[in-house]
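The values are calculated or read from the model by the stated rules, or taken from the named source; none is laboratory data. Every value quoted in this text rests on a predicted model; they were computed, and no experiment measured them. Cβ atoms come from the backbone with ideal geometry, glycine included; neighbour counts cover every protein chain shown.
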Amino acid sequence: MLAVQVKAEAEILPLISSKRLFILECLGCRDVHYPVEKAAEFMDSLKEEIVGKATLDYLCHREFVHEYVKAYAGEIEKAQVVLVFSCGVGAQVVSSLLEDRIVYTCCDTLYLNGFQGLTAKEFNCDQCGECYLNYTGGLCPVALCSKNLLNGPCGGSQAGKCEVDPDMPCVWQQIFDRLAKLGQLHTLERLGTPKNWNVSPASSAPEKRLA
Amino acid sequence: MQMRLMDYTKFRPKPDEEISEVFQRVNRIFILSCGKCFKKFEEEDEGQYAQLLETLGADRTKVVGHTQVDFLCNEFLSGKRISDLDLSHCDSIGVTSCGLGVQFVARLLERTPVYALADSVPHSPNYPAEVGYHGISLEEEKCAACSQCYLNLTGGICPITNCAKGLLNGPCGGATDGKCEVNSSVDCAWVRIHERLKKRGERSASEYVQPRDYSRPSWKVTNGLSLQNQALRGGGFYGGFHPLENKEATADKRVERFPEPQTAVIFLSQHAGRRAKPVVEPGDKVKVGQKVGEADGFVSSSIHSSISGKVISVEERAYPAAQREELAVVIENDGKNELHPSIQPRDDFEALSKEALLDIIKESGIVGLGGAMFPTHVKFSPPRPVDTLLVNGCECEPYLNTDNRLMIEHPEEILAGISIVQKILGVDKVFVGVEENKPEAIAALSRFSDKYPSVELVSLKTKYPQGAERSLIKRILDRDVPPPPKGLPFDVGVMVSNVGTLFAIYQAVAKGIPLFQRVITVSGEGLTRPGNYLVKIGTPIKDIIRYCFDKNVDGLLEKYDVKMGGAIMGVPQASLESSVIKGTTGLTVLKKHPVMASEERDCIKCGRCVEVCPMQLYPLFYGLYGKKGDLAKAVEHKVEECVECGCCEYMCASKIALLSFIRQEKAYARSASKG
Amino acid sequence: MKTRSNLERVLESGQFAVTGELGPPRSADAEVIRKKAKILKGHVDAFNITDGQTAVVRMASWAAAIIGKEEGLEPIVQMTCRDRNRIALQMDVLGIAALGINNMLCLTGDHQKFGNHPAARGVYDLDSIQLVRMVKDMRDEKKFQCGDEMTVEPRLFIGAAENPFADPFEFRVTRLAKKVEAGADFIQTQIIYNVDKFAEWMKGVRDRGLHERVKILAGVAPIKSMGAARYMKTKVPGMDVPDSVIERLQGVTKEQVSREGIKLCVDIINQVRQIEGVAGIHLMAIEWEEVVPEIVEAAGLLPRPKLAP
């Protein structure tokens, strides 16, 4: 699921300096994470004239944006810049429906694990197309190892933590522990062959794996 | 507007050889298949399991069972479904889902081998560009979540998800006829960017863009936000969400007495159960607090006049709580404000017996003031004894401050009302649940905690619908009330009552005042005088709206919605011609949205309705079968257990009118059970 | 003999091997390498040139190796998976073989966050085990990773690293077995200060007969200062520096610490020589190459064998 952080002022202010603004704010993923106060602070601090503001849920939904653009056509007409507070999907949809207007986004987007729902998950799936979980007791090294090793761990695994961050679990330690619990440690002796990082989404038949 | 409705299915079956390899390792395998997410919802069963069986051939004898779990990665609900299964006789689990589902099941069943029978599927609009994430929609646009958004440099076209090489200073030299060298069916992203910038009169991307910082976002940042999110989503009961509270406009406004109406329209049905029988006729003179309607039957309640004057008529009028007309006593105010002689304070009320107290409550026309309007004297005579009283001071609806102000301004009366009810129910223990967004109310009640040692004040994390009975009981007592339509709080030994009701009980018992006025919050958008008002029952809604807007309100409903109640569960008014009833907790005025909930839109299986349903139901099925007209199927999916809190419709990414479907299906269920 | 590697010859002859190491400069200065190579010459059978150690940019290992070769030494080129995908790795393997390099060490690579370019993207197209197998197939099957054939194969003596002290400890022997299966000819271990733990690991190695299929070189290093000791103990992932070592160094004056650190190194060399299955040492005196000659001499490992090619 996507979450946003408000961009640094220094990045936005030069783009909107002295321009009349129309603001579009998306609150659809507030229950995932949305920095309501920071965004409000930012908007309040603007010296530029705000000719209108619309708040809606799901700026990533083309039909909704279309309706709002229609309903607020007058204000948007008066604005020189449309300022968007949303994730990159919403920002792109708005831009595609206002192709000949200046549209800027005020947010950076990042990803919290999980495709559906509102609650960030412990696990991640990188949609790599070659599910490796049967060799790792059901834990994904592609998504959860900092070096996406298939024959981990590396030499930096210490006390169950990854060398990248002392609080970050080493998934290969977790894989080892899980296989031990299942009595399947021998699985780790299998040599994981180089991965296909470019599995095609188009084919319905899966790619042939290199032996 | 033609919607794209991409298919973002996250998995497909593994190659046959790999499935065979798994089946060589097992003897008795149970299959879990996920009903998938993020594609147009058309069928409940998409045939994955059937397809798997076909692939297995002879190996299919090793399959000992199967179940489909929708949104397998919804850990709470799926965990429950899986723990209900009898997996004792199998040696392994096979999972058809994306990587999230498999990993979740593997962790849940740590000692049983769990095997993936599907591969995740990469999705990229410009394969093989970097995998991006779609939003809560099925559009083409994807976001790489790079946390250093480049859209302001590229006219709103993401170079990472659209350029096969993810170039930031593109294009490369490979584009031919505007098509990408890697995938000739796809436009070169940088050609598109160049065109877009030209259209906008922006300088073409000629500035140097420095290399991307791949260390962002750091694990620390994303992990921190994930933990924050999990803390937000948790909190006492499954489901629910956090609407913008918008209570600031009226939270600090003292309750003001609203001017008396010129004409009061007092409905004879302001309660669950049978309508009261009118006991006055046109021409009769009535005084304040005089009975004008007599309870008719066991589940019924009395109605009292809120003003002194003359009865003009007894006729059908537009009812505020539903789209229909109801019988009402219309009274013309004589301006004298004369109290009916039956209104006498009782100094000795503490000595009254339980039966006497119940009788006063009945005669005073007290009903649940949280909105349900159930006759209180009936509610307090449960078929089973209860051990705990829960007092509901949550007021989880946005905008409303009715209960909040009552707790701040009349804490002693509420606590005295609680003592009265304790006596009636014979309970030793009372909990008062108040959401933490009401610190003043909590402080006001705490001041008297010494005087009422059996009453415990519990401050609750704010989450809608914490104020719903079941959520409250779960959160405070960790008891599960059996689901509707049959289950009720007394099934687990609990009685729940709203603070407004308890205040009214005190007024009736100690002061002899029957229920003919109540506090309401008038708030929302565009109002000049939002506030908390003590309003006489029967006051025309138009009078109140006009006062609070401070201008003519003809034609208001073209631009605004007026709801009886709060923003979420409030009943939209078809006109301003109705009047205040006992169940009117507030009037919330909201500007109409350009996008309204509709029965026409397609469900995209985002799973958010499932995530927010406090009854742990799967509302997307109510939309699917409502659209198909197969109401019986909706009943199979437990639509009768829905409490119509509105969380699903509020959160729906496609703005589907789920409540409309649900009400149709519940009505069908009711008539089916009768017939 | 699989290759023309001097290291392979020494190991095959059954003699206790000695390899050294040098870190290339953070500049384009070839002189630095020539100077260090001259110190090591005659004291080691081959020497590693690190490749972007701790993700800090230095001259590429293969380039520094050529300079060292010009000085008459036998280089071991290191390559990490952090910086190159399988295409670049195979290209560089062909390149170094063509330039007469005989040895290669295959590593995963320290994460980019540790170095001076933390914003860089880590490639990690392969891991170290896949890299070992890939180079082995190029050498023995004359095939590229995709299956295409080549006419003249790179004949490299293939090494990998192993860390007996990293977690999970119970898995470390199995991991070694995987590298052996993949085709590793020799192993260099992480620096040993905890000899007991290393001995425990070696027992596991011997139990699986791995010492007979791969040549294990024990990693050793002198300690220059208390600061260096503490840094290794606390800041370097996968290093095990026992308290006894710290105490030993604390037992002498500040000026004497480096002397003691050298003595400690010699002691450890003598201890690991006694452990069955240890085929040699890998002496890492990074930025302190001057002390290599005296350590090798004090450990009784001179003269180095001169074997016919």
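Would it be correct to say that A:Arg62 is basic (Lys, Arg) and within 10 Å of chain B (Cβ to nearest Cβ)? Step through it out loud before you land on a result.
Details: basic (Lys, Arg): yes; within 10 Å of chain B (Cβ to nearest Cβ): yes.
Yes.
Just for segment B:423-439: of the residues that are outside any loop (DSSP other than H, G, I, E, B) and out of contact with any Asp or Glu (no Cβ under 8 Å at 6 or more places or on another chain), which one is surrounded by the fewest Cβ atoms within 10 Å (Cβ to Cβ)?
Residues of segment B:423-439 outside any loop (DSSP other than H, G, I, E, B): B:423-425, B:429-435, B:439.
Now narrow it down to the ones that are out of contact with any Asp or Glu (no Cβ under 8 Å at 6 or more places or on another chain): B:423-425, B:433-434, B:439.
Working: B:Lys423: 14, B:Ile424: 23, B:Leu425: 22, B:Gly433: 24, B:Val434: 25, B:Pro439: 10.
So, considering only residues that are outside any loop (DSSP other than H, G, I, E, B) and out of contact with any Asp or Glu (no Cβ under 8 Å at 6 or more places or on another chain), the one surrounded by the fewest Cβ atoms within 10 Å (Cβ to Cβ) is B:Pro439.
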* To do: Just give me the residues in segment A:36-54 being touching a strand residue (DSSP E or B) at 6+ places or on another chain (Cβ under 9 Å) and at the interface with chain B (Cβ under 10 Å from one of its Cβ atoms), in sequence order.
  => A:Ala54
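Quick one: which helices (runs of 4 or more DSSP H) lie wholly within segment B:561-658 and hold at least 1 residues that are surrounded by fewer than 24 Cβ atoms within 10 Å (Cβ to Cβ)? Working first, answer last.
Working: elements: B:608-612, B:620-628, B:631-636, B:647-651.
Filter on segment B:561-658 gives B:620-628, B:631-636, B:647-651.
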* If you go through segment B:126-133 one residue at a time, do you hit one that is facing another protein chain (nearest Cβ under 7 Å), of a type outside the set (Phe, Trp, Tyr) and surrounded by fewer than 24 Cβ atoms within 10 Å (Cβ to Cβ)? -> yes
* Do you know which of the residues in segment B:167-197 that are within 20 Å of B:Tyr208 (Cα to Cα) and touching a residue at least 40 places away in the same chain (Cβ under 8 Å) is nearest to the other protein chains (Cβ to nearest Cβ)? -> B:Arg196
* Selection status of B:Ile414, under 29 Å from the mean Cα position of the chain (by Cα) and touching a residue at least 40 places away in the same chain (Cβ under 8 Å) -> yes
* Structure fact -> Among (1) aromatic (Phe, Trp, Tyr); (2) at pLDDT below 95; (3) touching a strand residue (DSSP E or B) at 6+ places or on another chain (Cβ under 8 Å), B:Tyr238 falls short only on (3)
* Asked: Within segment A:186-197, how many residues are facing chain C (nearest Cβ under 8 Å), surrounded by fewer than 16 Cβ atoms within 10 Å (Cβ to Cβ) and either part of a helix (DSSP H, G or I) or among the polar types (S, T, N, Q) (or both)?
  -> 1
* Asked: Is segment C:106-129 home to any residue that is touching a residue at least 12 places away in the same chain (Cβ under 8 Å), part of a strand (DSSP E or B), within 14 Å of another protein chain (Cβ to nearest Cβ) and hydrophobic (A, V, I, L, M, F, W, C)?
  -> yes
* Structure fact -> Over segment B:448-457, the set of residues touching a residue at least 24 places away in the same chain (Cβ under 8 Å) and exposed (fewer than 12 other Cβ atoms within 10 Å of the Cβ) is B:Lys451
* Asked: Do we have any residue at all in segment A:177-184 that's at the interface with another protein chain (Cβ under 8 Å from one of its Cβ atoms) and closer than 23 Å to C:Leu126 by Cα?
  -> no
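Yes/no matrix, rows are residues, columns are (1) in contact (Cβ under 8 Å) with a residue 40 or more places away in the chain; (2) crowded, with 23+ Cβ neighbours inside 10 Å; (3) assigned to a loop (DSSP other than H, G, I, E, B):
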residue: B:Val102; (1), (2), (3): no, yes, no
residue: B:Val105; (1), (2), (3): yes, yes, no
residue: B:Arg111; (1), (2), (3): no, no, yes
residue: B:Ile136; (1), (2), (3): yes, yes, yes
residue: B:Glu139; (1), (2), (3): yes, yes, yes
residue: B:Asn152; (1), (2), (3): no, no, yes
residue: B:Gly156; (1), (2), (3): yes, yes, yes
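Give the residue that is farthest from the other protein chains (Cβ to nearest Cβ), with candidates limited to residues of segment A:8-23 that are surrounded by 18 or more Cβ atoms within 10 Å (Cβ to Cβ) and out of contact with any Gly (no Cβ under 8 Å at 6 or more places or on another chain).
First pass over segment A:8-23, keeping only residues surrounded by 18 or more Cβ atoms within 10 Å (Cβ to Cβ): A:12, A:16, A:21-23.
If we keep only those that are out of contact with any Gly (no Cβ under 8 Å at 6 or more places or on another chain) too, we end up with A:12, A:16, A:21.
Working: A:Ile12: 8, A:Ile16: 10, A:Leu21: 14 Å.
My answer is A:Leu21.
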* Going by the conditions given, is B:Ser579 among the hydroxyl-bearing types (Ser, Thr, Tyr) and within 30 Å of A:Glu63 (Cα to Cα)? -> no
* Asked: Which of the residues that make up segment C:247-256 are within 17 Å of C:Val220 (Cβ to Cβ) and of a type in the set (A, V, I, L, M, F, W, C)?
  -> C:Leu249
* **Top-ranked residue of segment B:659-668 - restricted to ones that are surrounded by fewer than 18 Cβ atoms within 10 Å (Cβ to Cβ) and not polar (S, T, N, Q), ranked as nearest to B:Ile568 (Cα to Cα)** => B:Arg663
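Can you find, within segment B:28-61, the residue that is surrounded by the most Cβ atoms within 10 Å (Cβ to Cβ) among those that are over 30 Å from B:Pro619 (Cα atoms) and touching a Ser or Thr at 6+ places or on another chain (Cβ under 8 Å)?
Step one: list which residues in segment B:28-61 are over 30 Å from B:Pro619 (Cα atoms), which gives B:28-29, B:54-61.
From what is left, the residues that are touching a Ser or Thr at 6+ places or on another chain (Cβ under 8 Å) are B:28-29, B:59.
Working: B:Arg28: 14, B:Ile29: 23, B:Asp59: 17.
Per the criteria, the residue is B:Ile29.
Scanning segment B:63-100 for residues that are at the interface with another protein chain (Cβ under 9 Å from one of its Cβ atoms) and assigned to a helix (DSSP H, G or I), which turns out farthest from B:Lys14 (Cα to Cα)?
B:Phe76
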* Could you say whether any residue in segment A:104-118 is in contact (Cβ under 8 Å) with a residue 40 or more places away in the chain, polar (S, T, N, Q), more than 11 Å from chain B (Cβ to nearest Cβ) and crowded, with 24+ Cβ neighbours inside 10 Å? -> no
* To do: Return yes or no: is C:Leu89 at pLDDT 95 or above and within 11 Å of another protein chain (Cβ to nearest Cβ)?
  => yes
* Being surrounded by fewer than 19 Cβ atoms within 10 Å (Cβ to Cβ) and assigned to a loop (DSSP other than H, G, I, E, B) is the filter; apply it to segment A:133-168 and report the residue that is farthest from the other protein chains (Cβ to nearest Cβ). => A:Pro166
* Structure fact -> Scanning segment C:47-98 residue by residue, those buried (at least 19 other Cβ atoms within 10 Å of the Cβ), of a type in the set (Gly, Ala, Ser) and part of a helix (DSSP H, G or I) turn out to be C:Ala55, C:Ser61, C:Ala64, C:Ala65, C:Gly68, C:Ala97
